[in-house]
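Here, each number is a calculation from the coordinates, and none is a lab measurement. None of the values given here were measured: they were computed from a predicted structure. Don't worry about glycine lacking a Cβ; one is built from the backbone with ideal geometry, like all the others, and counts go over all protein chains shown.
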Amino acid sequence: MLFRSDAVPGLRGVLTRDTDRSVTLDERAAVANRSHGSAFVSVHLNSHPSGDAVGSVIYVAPAVRSGPSTRQNRTAPARPFVVPLPGGGSREVPLAPWATVQHTHTDASLRLAQLVAGRLRDVTDAAPVVAHAPLRVLAGADMPALLIEVGYLTSPDVATEVSTESFQTTLGQAIANAVADFVAGVEPPTPEGR
């Protein structure tokens, strides 16, 4: 199994599912938001019409386009919502449109993606690509977020490799180490420092 709760001391991972059941994209982001995590990392396997596709792709949400409406969404204060507390009283909870909460985390998400790419580069044959994509699962995460396509199951060699416990453990440890680096404030290597 890819996830190990003891992969890096001091980090706590939360799975959105631990069985082969369907969890909606919005539910996945909601689980992350309820956990108040430092980062949301969604790990997947890809496919391609060509059976010889290899490599990893790390997706982050695209940066907010400039313009009056997007600038307003990015800078407008969240609308407060008053919720009752058990035992009496209430508290205000800031609300923001679901599709815009990731906008405040795009720079941090990119930094996390670059750290993950560096760690994956150390344990895989192909250098991961970092790309922007408007993926629904990332949009609702109110924290730095990325989706990793770790390989192509349509490649017989990759399909065999990703099924091994050794590969899964190595990959999981590399991702956990990158998240630990991110939380510690480590900056990703510059292109010349690779």
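Observations on the structure shown:
- Length gained when the stretch V186-N33 is fully extended (0.36 nm per residue, less Cα-Cα span): 52.8 nm
- Residues whose amide H comes within less than 5 Å of that of S42, counting only those at least five positions distant or on another chain, are L146, L147, I148 (H built at 1.01 Å from N in the peptide plane).
- For Y152, residues with placed amide H under 5 Å, excluding near neighbours: N46, G55
- The simple Förster model, with R0 at 25 Å and r as the Cβ-Cβ distance, assigns A63 and V129 a FRET efficiency of 0.90.
- Each peptide in 173-186, 44-57, 18-31 was scored by the mean count of other Cβ atoms within 10 Å over its residues; highest first, the order is 173-186, 44-57, 18-31.
- FRET efficiency for L15 and S50, using Cβ-Cβ distance with R0 set to 30 Å, rounded to 0.05: 0.40
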